[in-house]
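The values are calculated or read from the model by the stated rules, or taken from the named source; none is laboratory data. Everything numeric in this text was worked out from a predicted model, so none of it was measured. Glycine gets a Cβ as well: all are built from the backbone with ideal geometry, and neighbour counts include every protein chain shown. The accessibility values were calculated without ligands, DNA or RNA, using every heavy atom of the protein model including side chains. Shrake-Rupley method; radii C 1.70, N 1.55, O 1.52, S 1.80 Å.
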Amino acid sequence: MKITRIETFLVPPRWLFCRIETDDGVVGWGEPVVEGRAEPVRAAVEVLAEQLVGQDPLRIEDHWQVLTKGGFYRGGPVLSSAVAGIDQALWDIAGKTYGAPVHALLGGPVRDRVRMYAWVGGDEPAELAEALTAQVEAGFTAVKMNATGRFPRSGSLGDIRAVVERATLARDVLGPSRDFALDFHGRVTAADARRVLPLLEELYPLFAEEPVVPEHSHRLPDVVAATTIPIATGERLYSRSEFLPVLQAGVTVVQPDLSHAGGISETRRIAALAETYGVHLAPHCPLGPIALAASLQVAFATPNHLIQEHSIGIHYHTDAGLLDYLVDPAVFTFVDGYARRLERPGLGIEVDETAVRRADQAGHAWRNPIWRHDDGSFAEW
């Protein structure tokens with residue numbers, strides 16, 4: 001079996017899909033994308049395709065090595081994401097070729113279902129309470145929300161109190177038997193993280209995500225030492241070597257993204273590395289159906305997996321939804337806040353190729369917002 005063609009599709013709301021076709025007629029799908037930078041990733045996939053057309057798709061590890069190390073300049077989000085989507089598609093082909101779900105090829109399932117969490121938004125207390133209540137009524141036992149919006153370089157007492165008030169509202173709505181996680185999105189400094197996190201401890205967040213930007217990961221030991229709240233990070237880290245320092249810093253949860261951190265192959269290695277530190281895996285995934293399917297395949301085969309993010313109904317997606325590109329959307333039916341085990345061959349989903357090709361004709365040019373402080377200077381989004 002040989003790879004004959006590699007195509008990419010720019011589909012709303014902000015995704016990039018990859019299709020790999022073989023001469024045996026087996027097709028694999030992946031999701032290589034950097035949100036807001038889909039076009040450069042598309043170009044990277046086209047360059048990497050030069051190494052793959054005519055090759056055996058089942059030599060997944062060898063392809064991963066060549067694609068990540070074959071160029072003198074390595075790493076970074078664009079290259080890692082291009083490799084990630086290709087890697088997902090190759091695993092999809094392997095599963096379909098062997099007639100087994102990917103988690104079976106990874107050693108078999110270690111659990112029967114995977115706990116999911118949903119995103120909640122809302123700038124006003126009433127909106128937030130309504131969104132939280134909706135997820136409870138949908139059966140979810142865990143949610144994630146932004147800890148804050150735009151945050152000044154040095155938070156005032158009012159800014160700090162606003163974070164605590166949002167978290168207090170979440171705990172009041174969810175009660176003691178459900179969980180909420182707080183995503184700081186790197187919007188606060190290490191100093192402000194050390195101020196606010198101890199004030200949140202009595203509310204028992206599941207974890208506090210990305211309290212500082214990844215380039216300030218050397219400050220994580222100070223943040224970890226300042227609180228009993230589990231610290232999570234990793235959506236903007238792309239390899240084992242980048243995860244090692246944050247593991248050494250004492251984080252509790254690592255969050256590689258299956259569409260950014262080298263795909264299924266590298267995420268499995270990151271998970272194994274985290275396991276040696278007693279650290280949980282909770283993959284980042286505010287993306288599309290292929291990325292979610294790949295994440296779940298890893299979840300079912302990974303002992304230290306904690307919980308899985310999904311983007312159904314997320315506030316970023318207004319032009320299209322995760323279920324719009326599937327032949328059978330019921331595959332992502334969640335019961336009591338859990339995903340059932342995917343048993344179809346490959347990634348376990350059937351992509352609606354007609355819908356994808358039609359969507360690619362319109363494409364998208366999604367960009368994240370640019371925020372500024374009151375003085376006009378740049379602010380972290």
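Laid out as a table, the results:
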read-out: Any hit, the range 246-265, residues being in contact with a Lys or Arg (Cβ under 6 Å, 6 or more places away or on another chain), surrounded by fewer than 19 Cβ atoms within 10 Å (Cβ to Cβ), more than 30 Å from Asp324 (Cβ to Cβ) and modelled with pLDDT of 95 or more; value: no
read-out: Total residues in the range 337-375, condition farther than 21 Å from Val298 by Cα, open to solvent by 40 Å² or more (accessible area, probe 1.4 Å) and not β-branched (Val, Ile, Thr); value: 16
read-out: Among residues of the range 105-157, those that are in contact with a Pro (Cβ under 9 Å, 6 or more places away or on another chain) and either of a type outside the set (D, E, K, R) or open to solvent by 60 Å² or more (accessible area, probe 1.4 Å) (or both), counted; value: 4
read-out: Single unsatisfied condition, Phe378 versus (1) touching a residue at least 12 places away in the same chain (Cβ under 8 Å); (2) in contact with a strand residue (DSSP E or B) (Cβ under 7 Å, 6 or more places away or on another chain); value: (1)
read-out: Selection count where residues are outside any helix (DSSP H, G or I) and closer than 19 Å to Gly139 by Cβ, scope the range 286-324; value: 10
read-out: Filter result (part of a helix (DSSP H, G or I) and surrounded by 14 or more Cβ atoms within 10 Å (Cβ to Cβ)) within the range 195-215; value: Arg195, Val196, Leu197, Leu199, Leu200, Leu203, Pro214
read-out: Residues that are open to solvent by 10 Å² or more (accessible area, probe 1.4 Å) and either closer than 30 Å to Ala138 by Cβ or not hydroxyl-bearing (Ser, Thr, Tyr) (or both), drawn from the range 90-100; value: Trp91, Lys96, Gly99, Ala100
read-out: Residues within the range 308-332 that are open to solvent by 70 Å² or more (accessible area, probe 1.4 Å) and over 23 Å from Glu235 (Cα atoms), tallied; value: 3
read-out: Listing of strands (runs of 3 or more DSSP E) fully contained in the range 1-81 that carry 3 or more residues being surrounded by 13 or more Cβ atoms within 10 Å (Cβ to Cβ) and hydrophobic (A, V, I, L, M, F, W, C); value: 3-11, 15-22
read-out: Residue within the range 285-303 that is open to solvent by 10 Å² or more (accessible area, probe 1.4 Å) and more than 14 Å from the chain's Cα centre (by Cα) present; value: yes
